[in-house]
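Notes follow the structure.
Here, each number is a calculation from the coordinates, and none is a lab measurement. The model shown is predicted, which means the values in this text are computed figures rather than measured ones. Ideal geometry is used to build each Cβ from the backbone, glycine not excepted, and the neighbour counts take in all protein chains shown.
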Amino acid sequence: MTHFLDINKTDAAALRAIIDQAAAMKQARAGRPRGAPDDEQPLAGRMVALIFEKPSTRTRVSFDVGARQLGAQTMVLSGADMQLGHGETIADTARVLSRYVDLIMMRTFEEDTILEMAEHASVPVINGLTNRTHPCQIMADILTYEEHRGPIRGKRVVWCGDGNNVCASFIHAAGQFGFDFTFTGPEQLDPEPGFVDEARARGADIRIERDAMRAVEGADLVVTDTWVSMHDSQSSRERRHNLLRPYQVNDELMSHAAPDALFMHCLPAHRDEEVTSSVMDGPQSVIFDEAENRLHAQKAIMRYCLGV
Ligand code: CP
Ligand code: NVA
């Protein structure tokens, strides 16, 4: 069973093949209407279940459209509307869904939920975000970086702000794709040390720098994300904002990065909080290419999981 649960759990050669296939598939359908099928229909006859226990715009729509372009049929399920939200176990849900569908993509809260789903499903399971990681997002980000600037290997990526789930998957990717990664943010919101150690053991140069201006010096890519994630309590909002304000990505901060540095944000963004509108809408920003590339990257992830 080939699941796609995390970037640090997927073989580096397979990750590279996914990015290359995504780029080729994107190229092959350039200029076509979004609803047009791909020439190849490797998912024809397959049924894909997309389960959401948290809100989503990009993940939901890009998986649905991508699966259809590849020839599959899809169903989008809300966790709250399933028996899952009313006491049925994850394990039983996994066994039941495996009798109906060929692939499960799930967005949930605790990582254990997706791990249990994968353990008990007899079809592949894809992680569409948990409190801890967001691997599909970072596959799209690598694709985006490389289509603008060439190979990411050896480049310098700087993450500003909260050491959250998206940051964690970036650290996994640093180890697997061989780029340098600097986290700049308050100590209270540092990324998990275990993830940092693992990426370092794979040879990546991972740094923690409290001074944002120093951190972005010479950066090839500057990335940030919301200061309050979906799983964070609203009561922590003010504390988080106070801690994170020095790490806002603005024009002054971007002026310290390399002149051709790119800016990324997985979106949804809170304009003029973690990033100013001037950076989001400025010439270094590739945020909407990133959003589009969720579609192409995930099509390649689905093909990888199904071996087609
Ligand atoms: N970036 C991302 O995963 O967006 P959604 O929450 O809209 O799916
Ligand atoms: N860190 C954010 C990412 C949203 C795509 C969250 O988990 O809410």
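Observations, loosely collected:
- Here's the picture: charge each Lys and Arg Cβ at +1 and each Asp and Glu Cβ at -1 in region 80-207, and of 84, 199, 129 the one pushed furthest to the positive end of that dipole is 199.
- For region 73-112 versus region 16-53, the gap between their alpha-carbon centres in whole angstrom: 23 Å
- Ordering 208, 183, 166 by the projection of their Cα atoms onto the charge dipole of the chain, which places +1 on the Cβ of Lys and Arg and -1 on the Cβ of Asp and Glu, puts 166 at the extreme positive end.
- Near residue 130: Cβ cut-off under 10 Å, other residues only, Lys/Arg at +1 and Asp/Glu at -1. The net charge is -2.
- Simple point charges give the picture: +1 on the Cβ of Lys and Arg, -1 on the Cβ of Asp and Glu, and for region 177-290 a dipole about the Cα centre of about 300 debye.
- The amide H of residue 227, built 1.01 Å from its N in the peptide plane, has 274 as neighbours under 5 Å, considering only residues 5 or more places off or on other chains.
- Sorted peptide list for 152-165, 27-40, criterion being average Cβ within 10 angstrom, highest first: 152-165, 27-40
- For region 89-215, the percent of C-alpha pairs falling in each 10 Å distance bin, counted from 0 to the bin holding the largest distance, reads 13, 36, 29, 16, 5, 0.
- Calculated log₁₀ intensity ratio I(q)/I(0) where the Debye formula runs over C-alpha points of the chain, q = 0.10, 0.11 Å⁻¹: -0.53, -0.65
- Non-local Lys pairs in the chain, i.e. 8 or more apart or on different chains, that have alpha carbons under 24 Å apart: 6
- Residue-wise HN-Hα couplings along region 112-128, as the Karplus relation 6.51 cos²θ - 1.76 cosθ + 1.60 with θ = phi - 60° gives them from phi, are 4, 4, 6, 5, 5, 4, 5, 5, 9, 7, 9, 10, x, 10, 10, 7, x Hz; Gly and Pro carry x.
- Residue order, fewest to most beta carbons within 10 Å, for 145, 247, 100: 100, 247, 145
- Estimated dipole of the chain in Debye, rounded to 20 [Cβ of Lys and Arg +1, of Asp and Glu -1, Cα centre]: 740 debye
- Extension gain for the segment residue 250 to residue 47, taken as residue separation times 0.36 nm less the Cα-Cα distance, is 68.7 nm to one decimal.
- The Cα atoms of region 156-269 give a gyration tensor whose axes a ≥ b ≥ c have a/c of 1.5 or more with a/b no greater than b/c, which makes the shape oblate.
- Here's the picture: charge each Lys and Arg Cβ at +1 and each Asp and Glu Cβ at -1 in the chain, and of 257, 18, 231 the one pushed furthest to the positive end of that dipole is 18.
- Estimated FRET transfer efficiency when R0 is 41 angstrom, pair residue 200-residue 73 (beta carbons, to 0.05): 0.40
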